[in-house]
Amino acid sequence: MYKTKVTKKGQITLPNEYREKLDLSTGSVVVVDLKKDSILVQKPKADLEGLFGAWSDMTDKDVKRIKSIWRGWNEKDIRGL
């Protein structure tokens with residue numbers, strides 16, 4: 001367990017040991033959540049839904065097709081690639 005101070009801007013320093021374990025570096029994004037009287041800081045999980053905004057020229061039909069394919073994948077399908 002580590003102690004850290006909150007700066008005037010509301011920032012804290014994450015201990016290097018934790019940053020290394022989570023593979024966080026300058027500019028990394030983290031998820032911050034309030035749990036009762038604690039603050040939870042964690043690395044975001046990879047999420048296909050979060051990638052859809054990256055292709056703004058895609059139509060709703062394209063997005064539905066990709067979601068359909070993604071939901072249909074399983075380990076057997078991936079091993080066969």
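A few points about this structure:
- Of the residues making up the range 41-63, those that are modelled with pLDDT of 80 or more and surrounded by 10 or more Cβ atoms within 10 Å (Cβ to Cβ) are Val41, Gln42, Lys43, Pro44, Asp62.
- Filtering the range 1-28 to residues that are of a type in the set (D, E, K, R) and surrounded by 10 or more Cβ atoms within 10 Å (Cβ to Cβ) leaves Arg19, Glu20, Lys21.
- Candidates in the range 6-33 are the residues that are touching a residue at least 12 places away in the same chain (Cβ under 8 Å) and assigned to a loop (DSSP other than H, G, I, E, B); of these, the one that is farthest from Pro44 (Cα to Cα) is Pro15.
- Selection from the range 1-48 of residues that are under 30 Å from Trp70 (Cβ atoms) and among the small types (Gly, Ala, Ser): Ser25, Gly27, Ser28, Ala46
The values are calculated or read from the model by the stated rules, or taken from the named source; none is laboratory data. Model, not experiment: these values are computed from the prediction. Don't worry about glycine lacking a Cβ; one is built from the backbone with ideal geometry, like all the others, and counts go over all protein chains shown.
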